[in-house]
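K.L.:
Structure incoming, see below.
The values are calculated or read from the model by the stated rules, or taken from the named source; none is laboratory data. Treat the numbers as computed from the prediction; the structure is a model and nothing was measured. All Cβ positions, glycine included, derive from the backbone under ideal geometry; neighbour counts span all protein chains shown. To get the accessible areas, we keep the full protein, side chains included, count just its heavy atoms, and leave off ligands, DNA and RNA. Shrake-Rupley method; radii C 1.70, N 1.55, O 1.52, S 1.80 Å.
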Amino acid sequence: MNTERDRPVWILADVASAFGLLSRLPFPQTRHHRPAACWAWPLVGLVVGAMAAVAGWGAMAIGLPVGLAAALVLAVGAMTTGALHEDGLADTADGLFGGWTRDRRLEIMKDSHIGSYGTLALLLVTLAAWSALTALLAAGAFPAIVAAAVMSRAPMAVIMAVLPHARADGLSRTVGRPSGLAALCAVAVAMLITGPLGLVAGVMSGAAAVAALMVALFAKARIGGQTGDILGASQQMAGLAALSAAAAMLA
């Protein structure tokens, strides 16, 4: 097999797989998602974050208040991903805080209904993200908004590679576990994209990593590993941490 000749093909296939898995954008769909394609997940964040930032910029350009512009940024982010990560956050909060045993927590997380913990998690995280976004939009820090979307996707790959599957089915199990190298490639891609922000990018990525680590450690303690919901929750918390760090530095 000519690896050099095939390389553009599998790169494009991985990118299509990443967008098909993590977004609702009109990319070619595939039934099989290679776990190694996780290196391209930050690229999904780049496109989703850019679309959201442009929407926020456009809203402010036509004279809308910064609060409405921030709400539009959040709406575009949710619509382009099908609220995939927000759903994971809600299910994670319901399961990890609402169940007394490992099996019960997993059962709650699989339930499509949202409970008190899930509702509170969505409200509080969304409110906090909106507050950070209003500060960043007012400061004209649009690249930081894009960077947060990029950085928040890389920790999902690392968590998948490090933590075992907590259940025998589900989205995470279907995708499979990426290798450590593939996960590191996801981190490298995120760093490469956000590198021009310099020190700000370093602080944002550090905050995102700590937030994702806390989610991973809590999941390991409560259910023994990770699920698709845990990955979604890690993205949401990492994104919030990155936005908050950027707002503290730039606003």
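K.L.:
Based on the Cβ-Cβ distance from ARG102 to LEU181, what FRET efficiency comes out when R0 is 25 Å, to the nearest 0.05? Intermediate results must be reported in sequence, preceding the final value.
P.N.:
Working: r = 30 Å, r/R0 = 1.22.
Efficiency at R0 = 25 Å is approximately 0.25.
K.L.:
What do you get for Rg/Rh of region 42-190 when both radii come from the Cα atoms and Rh is the Kirkwood radius?
P.N.:
On the way: Rg = 17.1 Å, Rh = 16.8 Å.
Expressed as Rg/Rh, it is 1.02.
K.L.:
OK, next. Starting from the Kirkwood Rh over alpha-carbon pairs, what translational D in µm² s⁻¹ does region 38-125 have by Stokes-Einstein at 37 °C and 0.692 mPa s? The partial results should precede the final answer.
P.N.:
On the way: Rh = 14.7 Å.
My calculation gives 224 µm²/s for D.
K.L.:
Identify, among ALA75, GLY239, ALA216, the residue whose Cα sits farthest towards the positive end of the charge dipole of the chain, taking +1 on the Cβ of Lys and Arg and -1 on the Cβ of Asp and Glu, with the dipole about the Cα centre.
P.N.:
ALA216
K.L.:
Given 10 Å bins starting at zero, what is the percent of C-alpha pairs of region 165-234 in each, up to the one with the largest pair distance?
P.N.:
With 10 Å bins starting at 0, P(r) equals 18, 42, 31, 9, 0.
K.L.:
Where does the chain land at 222 nm, in deg cm²/dmol rounded to the nearest 500, when only DSSP H runs of n ≥ 4 count, each adding -39500 (n - 2.57), divided by all residues? It would help to have the intermediate numbers written out before the result.
P.N.:
Working: 12 runs with 191 residues, N = 251.
After summing the helix terms and dividing by the residues of the chain, the value is -25000 deg cm²/dmol.
K.L.:
Need one number: the % of Cα-Cα pairs in region 76-143 sitting beyond the 13 Å mark.
P.N.:
On the way: 1534 of 2278 pairs.
Tail fraction, whole percent: 67.
K.L.:
With a bin width of 10 angstrom, please list the P(r) values of region 197-251 as percents of all Cα-Cα pairs, from the 0 bin to the one holding the largest distance.
P.N.:
28, 43, 22, 7
K.L.:
Å³ per residue of the Cα convex hull, for region 107-147? Can you show the working numbers first?
P.N.:
Numbers: hull volume 3.2 nm³, N = 41.
Taking the convex hull of the Cα positions in region 107-147, it is 77 Å³ per residue.
K.L.:
Carbon and sulfur: what percent of region 1-141's accessible surface (1.4 Å probe)? Walk me through the intermediate numbers first.
P.N.:
Numbers: 5150 of 7520 Å².
Accessible surface attributable to carbon and sulfur in region 1-141 totals 68 percent.
K.L.:
Kirkwood Rh over alpha-carbon pairs of region 128-208, then Stokes-Einstein at 10 °C and 1.306 mPa s: what D in µm² s⁻¹, rounded to an integer? Intermediate results must be reported in sequence, preceding the final value.
P.N.:
Details: Rh = 14.1 Å.
Stokes-Einstein gives a translational diffusion coefficient of 112 µm²/s.
K.L.:
What base-10 log of the normalised intensity I(q)/I(0) is obtained for region 14-55 from the Debye formula, alpha carbons as equal point scatterers, at q = 0.18, 0.26 Å⁻¹?
P.N.:
-0.46, -0.84
K.L.:
What does the accessible area per residue of the chain come to in Å², with a 1.4 Å probe and no ligands, DNA or RNA counted? Before the final figure, lay out each step's value.
P.N.:
Working: 11830 Å² over 251 residues.
Heavy-atom accessible area per residue stands at 47 Å².
K.L.:
Taking all pairs of distinct Cα atoms, average 1/r, flip it, and tell me the Kirkwood hydrodynamic radius of region 102-251 in Å to one decimal place. Working shown, then result.
P.N.:
Values: mean 1/r = 0.0628 Å⁻¹.
Averaging 1/r across every pair of different Cα atoms and inverting gives 15.9 Å.
K.L.:
Counting other Cβ atoms within 10 Å, which trypsin sites (Lys or Arg not before Pro) in region 3-93 have at most 12 and lie in a DSSP loop? Before the final figure, lay out each step's value.
P.N.:
Working: sites: ARG5, ARG24, ARG31; in loops: ARG24, ARG31.
Answer by residue number: ARG31.
K.L.:
Could you work out the per residue convex hull volume over the alpha carbons of the chain, in cubic angstrom? Could the numbers behind the result be given before it?
P.N.:
Details: hull volume 31.2 nm³, N = 251.
Residue-normalised Cα hull volume stands at 124 Å³.
K.L.:
Report the FRET efficiency, 1/(1 + (r/R0)^6), for LYS110 and LEU192, where r is their Cβ-Cβ distance and R0 is 35 Å, rounded to 0.05.
P.N.:
Once the sixth-power term is evaluated, E becomes 0.45.
K.L.:
Treating only the Cβ of Lys, Arg, Asp and Glu as charged (+1, +1, -1, -1), what charge dipole size does the chain show about its Cα centre? Round to the nearest 20 debye. Show your work: numbers first, answer last.
P.N.:
Working: 15 positive and 12 negative charges, 79 e Å.
Rounded to the nearest 20 debye, it is 380 debye.
K.L.:
For the chain, which DSSP H helices look membrane-span-like by this rule: Cα extent along the axis of 20 Å or more and mean Kyte-Doolittle of at least 0.0? List each step's numbers first, then the result.
P.N.:
Values: long enough: 3-22 (28 Å, 0.43); 41-61 (30 Å, 1.62); 66-81 (23 Å, 2.04); 84-98 (21 Å, -0.09); 116-138 (33 Å, 1.70); 180-194 (21 Å, 2.44); 199-223 (36 Å, 1.82); 228-250 (33 Å, 1.07).
Answer set is 3-22, 41-61, 66-81, 116-138, 180-194, 199-223, 228-250.
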